[in-house]
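In what follows, a single structure is set out as structure tokens and then discussed.
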Amino acid sequence: MANTNVDTEPKWYILHTYSGYEAMVKESLLRLIENNNLSDQIVDVKIPTEQTIEEKANGKKKVVERKLLPCYVFIKMIYSNQLWYLVTNTRGVTGFVGPQGRPIPMKDDEIRKMRLEEFVVDADYKAGDRVSIDNGPLEGFIGVIREANNETQRARVTIIMFGREQDVEVEYVQMQKISENAVEVPREED
């Protein structure tokens with residue numbers, strides 16, 4: 001009897017990696033996709049990150065990018081035994097997350113929580129828009145968009161942090177427009 005349970009739609013899966021190997025695994029997988037013409041089977045590879053505020057030893061504070069889940073890489077693919085073999089034999093990968101190393105597709109709510117595919121449908125952000133940041137480590141800040149990229153759904157926003165202007169990258173889903181009238185953040189003269 002033929003297997004009728006063949007995936008035709010790509011789904012998100014979780015890979016476990018050695019500590020500190022996440023970026024190398026992502027790069028290796030991207031090379032694997034390119035070298036073997038697998039872009040129609042492996043459609044995305046992500047390491048979810050968030051921006052946090054870190055205080056340095058000298059007392060200065062800085063916005064840094066941190067991995068949400070160290071030792072894990074997320075891969076969106078059309079599962080097959082051949083791809084399982086290629087992916088699990090990538091240097092730094094210890095296996096898929098699932099029983100006996102067999103992957104289980106992530107559920108929609110898990111995908112949203114990890115912000116792997118959360119998109120704003122009516123994204124009409126543009127440079128000069130005044131926005132409030134409503135979630136994430138910069139929640140509560142108000143700023144002005146300097147650049148908006150509708151394709152990646154991220155914007156470069158200038159906020160006032162610790163008494164100084166700071167440009168930060170914010171996902172569209174983390175912010176909302178305050179008003180149609182853009183308010184310019186005062187710029188210090190060079």
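The values are calculated or read from the model by the stated rules, or taken from the named source; none is laboratory data. Only a predicted model underlies this, so the values are computations on that prediction, with no experimental measurement involved. Using ideal geometry, Cβ is built from the backbone for each residue, glycine included, and neighbour counts are taken over all protein chains shown.
Okay, here's what the table says:
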{"quantity": "Residue in the stretch 53-66 that is farther than 30 Å from GLU165 by Cβ, assigned by TED's automatic domain parsing to the domain that holds GLY98 and within 19 Å of the chain's Cα centre (by Cα) present", "calculated": "no"}
{"quantity": "Restricting the stretch 63-93 to residues that are in contact (Cβ under 8 Å) with a residue 60 or more places away in the chain and of a type in the set (D, E, K, R), the residue that is nearest to MET106 (Cα to Cα)", "calculated": "LYS76"}
{"quantity": "Checklist (1) surrounded by fewer than 13 Cβ atoms within 10 Å (Cβ to Cβ); (2) closer than 30 Å to GLY163 by Cα applied to ASN81, failing item", "calculated": "(2)"}
{"quantity": "Test: residue in the stretch 53-62 that is modelled with pLDDT under 85, under 28 Å from GLU171 (Cβ atoms) and surrounded by 13 or more Cβ atoms within 10 Å (Cβ to Cβ)", "calculated": "yes"}
{"quantity": "Answer residue from the stretch 25-52, given it is part of a strand (DSSP E or B) and of a type outside the set (D, E, K, R) and is nearest to VAL168 (Cα to Cα) among those", "calculated": "GLN51"}
{"quantity": "Matching strands (runs of 3 or more DSSP E) fully within the stretch 73-190 where at least 3 residues are at pLDDT below 90", "calculated": "154-161, 164-171, 175-179"}
